[in-house]
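**Q** My structure is below; once you've seen it, I'll send some questions.
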Amino acid sequence: MGWQTIQLTTPKHGSGGPLEERVDGWDFHRTPGGKGSGLLSQMRLTATRLMQVIAATRPDVIHAHSPVLNVLPSLWVGRRSNLPVVYEVRAFWEDAAVDHGTTVEGSLRYRASRLLESLALGRVDQVTTICEGLRRDIAARGIPAERITVIPNAVDVGLFRFGGEPDADLRRSLGLEGATVIGFAGSFYGYEGLSLLIEAARQMLPRYPWLRVLLVGGGAQEAQLRAQTAAAGLDRQVIFTGRVPHSEVQRYYELIDVLVYPRLPIRLTELVTPLKPLEAMAQGRMLVASDVGGHRELIRHGETGFLFRAGDVSALAAAIDDVLAKRESWPQICLQARRFVERERTWAGSAAQYRKVYRQALASYGRNPDF
């Protein structure tokens, strides 16, 4: 779109490297760490560094993405620099903290985190968010509709080959020759519900002795999932690849007959749309997903994928069983899924919506950009 962007990372990115870096053609400014590791210290360091970057680069807009720890320093600096602040909400801090085990829903810390989010939302110039579930929640906090814009998660369809053939050497190296493969690619967070997938596979094995589960990625739940696999005697049936480079992920996707996204029904998954099912649809892969709100917003049951009752392992096993019995319908469903992504979920289409957002943010400061 012809815009110059300057990226700033907070102390959470880590310290010890250069203050400025160029990565894949993008300029990144880093915030060095300092004394104290508390949240207030991190926000103070971020604000100080942001002031320095603004003085050097003279931007028109500050665009902060969630969590609220990013937007609070942005607001402080924006008011002192006479710059509008746009807040991009991908998820709420209080909800992510619940899944990571650092807080309990309804606790004092949870309520305080939610209050900070609401205060920030009420003070920024414009809010964007990735899905309707989050938009509704933001609006319920009293934010006027004209200040909220949904700019959905999307993919670069040019990066995903539609209907590619599996890599025979990779299949052989993973012991998947002749197997029916169900799998998942992404981060192993608790809310992803991957333990349900392993249990569903255990229940299905008597009917599908050649069934294999391919888990691509890693994360906080990996050790627990490996222990579950061993306890169930599924070491040969469940394959953990570990993390793979993003450039290699498509090769692993193409080994999987049915991708499974068994997210558990919690507030986070009801509100937030994930990115991985979009990647699967862009590549023309069959998918089964739980019927949490974030999935229902993306997947049309029986048209672009299949949904099952969230949290129910028997429903998951039955859904996979049903999909495997309908192979003749896969080409049409995969084509419909790809067309949905091309029509509604491309980065070009999503990014173009920022023209209106930035115009509105700048207009409140008496500026009328020509773009």
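The values are calculated or read from the model by the stated rules, or taken from the named source; none is laboratory data. The structure displayed is predicted, hence computed values, not measured ones. Every residue, glycine among them, receives a Cβ derived from its backbone with ideal geometry; neighbour counts consider all protein chains shown. Only protein heavy atoms, including side chains, enter the accessible area calculation; ligands, DNA and RNA are left aside. Shrake-Rupley method; radii C 1.70, N 1.55, O 1.52, S 1.80 Å.
**Q** Of the residues W76, W93, only one is more than 30 Å from F371 (Cβ to Cβ) and not polar (S, T, N, Q); which?
**A** Numbers: W76 fails: more than 30 Å from F371 (Cβ to Cβ).
None of the other options fit; the residue is W93.
**Q** Continuing with the same structure: How many of the residues making up the range 1-33 are closer than 19 Å to W76 by Cβ, of a type outside the set (V, I, T) and open to solvent by less than 40 Å² (accessible area, probe 1.4 Å)?
**A** The qualifying residues number 2.
**Q** Counting residues that are charged (D, E, K, R) and either at positive phi or open to solvent by 60 Å² or more (accessible area, probe 1.4 Å) (or both), which helices (runs of 4 or more DSSP H) fully inside the range 296-371 reach at least 1?
**A** Output list reads 313-324, 330-344, 354-363.
**Q** Might you let me know whether the range 274-283 holds any residue that is among the small types (G, A, S), farther than 26 Å from T129 by Cα and surrounded by 19 or more Cβ atoms within 10 Å (Cβ to Cβ)? Break it down into steps so the answer makes sense when it comes.
**A** In the first step, residues of the range 274-283 are kept if they are among the small types (G, A, S); the result is 280, 282.
From what's left, farther than 26 Å from T129 by Cα: none.
No, there is no match, as no residue in the range 274-283 is among the small types (G, A, S), farther than 26 Å from T129 by Cα and surrounded by 19 or more Cβ atoms within 10 Å (Cβ to Cβ).
**Q** Suppose the filter is open to solvent by less than 10 Å² (accessible area, probe 1.4 Å), in contact (Cβ under 8 Å) with a residue 12 or more places away in the chain and in a helix (DSSP H, G or I); does L116 pass it? Spell out how you get there, then give the answer.
**A** Working: open to solvent by less than 10 Å² (accessible area, probe 1.4 Å): no; in contact (Cβ under 8 Å) with a residue 12 or more places away in the chain: yes; in a helix (DSSP H, G or I): yes.
So L116 does not fit the description; no.
**Q** Which residues, counting only those in the range 17-69, are without any contact (Cβ under 8 Å) to a residue 12 or more places away in the chain, farther than 30 Å from A112 by Cα and small (G, A, S)?
**A** G25, A55, A56
**Q** OK, next. May I ask you to verify whether V357 is at pLDDT 95 or above, more than 30 Å from G190 (Cα to Cα) and of a type in the set (A, V, I, L, M)?
**A** Numbers: at pLDDT 95 or above: yes; more than 30 Å from G190 (Cα to Cα): yes; of a type in the set (A, V, I, L, M): yes.
It is true that V357 is at pLDDT 95 or above, more than 30 Å from G190 (Cα to Cα) and of a type in the set (A, V, I, L, M).
**Q** Next question. Just to be sure I understand the filter: pairs with C-beta atoms under 8 Å, separated by 6 or more residues or on different chains, first member in the range 132-151 and on the phi > 0 side of the Ramachandran plot, second member surrounded by 12 or more Cβ atoms within 10 Å (Cβ to Cβ). Which pairs pass?
**A** G142/S118; G142/G122
**Q** Follow-up question, since we're still on this one. Any chance the range 279-290 includes a residue that's in contact with a Lys or Arg (Cβ under 7 Å, 6 or more places away or on another chain) and either charged (D, E, K, R) or without any contact (Cβ under 8 Å) to a residue 24 or more places away in the chain (or both)?
**A** For the range 279-290, residues in contact with a Lys or Arg (Cβ under 7 Å, 6 or more places away or on another chain) and either charged (D, E, K, R) or without any contact (Cβ under 8 Å) to a residue 24 or more places away in the chain (or both): absent.
**Q** Suppose we keep only residues that are among the basic types (K, R) and assigned to a loop (DSSP other than H, G, I, E, B) within the range 34-87. Which one would you say is surrounded by the most Cβ atoms within 10 Å (Cβ to Cβ)?
**A** Taking the range 34-87 and keeping what is among the basic types (K, R), we get 35, 44, 49, 58, 79-80.
Filter once more, keeping what is assigned to a loop (DSSP other than H, G, I, E, B): 35, 58.
Details: K35: 6, R58: 10.
Among residues in the range 34-87 that are among the basic types (K, R) and assigned to a loop (DSSP other than H, G, I, E, B), the one surrounded by the most Cβ atoms within 10 Å (Cβ to Cβ) is R58.
Conditions (1) small (G, A, S); (2) farther than 20 Å from H13 by Cβ; (3) more than 26 Å from the chain's Cα centre (by Cα); (4) at pLDDT 95 or above, marked per residue:
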| position | (1), (2), (3), (4) |
| --- | --- |
| V61 | no, yes, no, yes |
| A64 | yes, no, no, yes |
| L69 | no, no, no, no |
| S74 | yes, no, no, yes |
| S81 | yes, yes, yes, yes |
| E88 | no, no, no, yes |
| A91 | yes, no, no, no |
| D99 | no, yes, no, no |
| E105 | no, yes, no, no |
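**Q** Could I ask something else about it? When only residues in the range 229-259 that are more than 16 Å from F184 (Cα to Cα) and open to solvent by 20 Å² or more (accessible area, probe 1.4 Å) count, which is modelled with the lowest pLDDT? Show your work before the answer.
**A** The first filter runs over the range 229-259 and keeps only residues more than 16 Å from F184 (Cα to Cα), leaving 230-236, 247.
From what is left, the residues that are open to solvent by 20 Å² or more (accessible area, probe 1.4 Å) are 230-233, 235-236, 247.
Numbers: A230: 97, A231: 97, A232: 96, G233: 96, D235: 95, R236: 95, S247: 83.
Per the criteria, the residue is S247.
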